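Each remark here refers to the structure printed beneath this line.
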Amino acid sequence: MAERRLNILHLYPENMNLYGDRGNVLALAQRARWREIPARIVTREVGQPVDWDAVDLVFMGGGEDTHQARIADDFLALGRELASRLQDGLPMLAICGAYQLLGRYYETADRTQLPGLNYLDVWTEAGDTRAIGDVVSYTDLPIEPRSLVGFENHGGRTFLGSRARPLGEVTLGQGNNGEDRSEGAVQDRVIATYLHGSLLPKNPHLADLLLMWALMNRGIDDRLEPLAADEEFGAHETILSRSRNS
Ligand code: GLN
């Protein structure tokens, strides 16, 4: 039987880390440790090697256009192996700038086209204004509650092709493009979203889904023991109440 442990690969923490994105990695590791699952965080910057067989879960945060441009070539080079692992079920959480680079391309505000990994069937083009503020969305993922809350700040408008399905439908905020109410994308065990915040500390149900997927990917089918999450859901509820009052 495979060992219950968790190795999280955090890609480009120096360049791709906005609005507390790193808190997602801390939340994942902590929620694993609270269940006595040893968790290790491995960071990787441009040009460094990856021991893919030792990776159980991948995280990559958002970044300004200039930071995305800085890592884009390296990400493409890494991408072939990453995309094939993702197709095989390796779970990943990708926020904002990372979400954009998992798609076909991201055209930045100065009209430079950064090619993406072409793993997610989405594409992104900068609009004339930025989408900034709290977001509430409702997801079809098998989690309870169905609500997800976070904070968005992006110029990119993302559109989904037929192979990608949205992570959620927004009731507050702009989401992918401000037009079709979709937010984020899900493919295989990859969750891509515009939600910063940090996202996972106030969406512990989503953190646990990622942890469960990571264990499943190691061949472990155990259910995760429930944890008290009053403070986490208290923060969640605070943002939800803003959507009710808006
Ligand atoms: N630079 C990208 C945009 O403005 C991503 C921003 C982000 O990661 N918050 O759309």
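Every number here is computed from the coordinates shown, using simple stated rules; none is lab data. Remember, predicted model here, so these are calculated numbers, not experimental data. Virtual Cβ from ideal backbone geometry, glycine too; neighbours counted across all protein chains shown.
Some observations on this one:
- Beta bridges per DSSP, both residues in the stretch 52-134: antiparallel share near 40 percent.
- Taking other residues whose beta carbon is less than 9 angstrom from the beta carbon of L90, and scoring Lys, Arg as +1 and Asp, Glu as -1, yields -1.
- Percent RCO, i.e. relative contact order, over the stretch 66-144, from Cα pairs under 8 Å lying at least 6 residues apart: 24 percent
- Sequence-separation-based contact order of the chain, relative, with Cα cut under 8 Å and 6+ spacing, percent: 20 percent
- Each Lys and Arg contributes +1 and each Asp and Glu -1, all at the Cβ; summed about the Cα centre of the stretch 102-142, the dipole is approximately 100 debye.
- Peptide packing for 94-100, 13-19 was compared via the average number of neighbouring C-beta atoms within 10 Å per residue; ordered from the highest value, the list is 94-100, 13-19.
- For the stretch 84-228: relative contact order, % (alpha-carbon pairs under 8 angstrom, 6 or more apart): 25 percent
- Rg/Rh for the stretch 49-196, where both radii come from Cα atoms and Rh is the Kirkwood radius: 0.95
- Helical mean residue ellipticity (222 nm; -39500 (n - 2.57) per DSSP H run of 4+; nearest 500) of the chain: -9500 deg cm²/dmol
- When each of the peptides 23-33, 120-130 is scored by how many other beta carbons lie within 10 Å of its residues on average, the order from highest to lowest is 23-33, 120-130.
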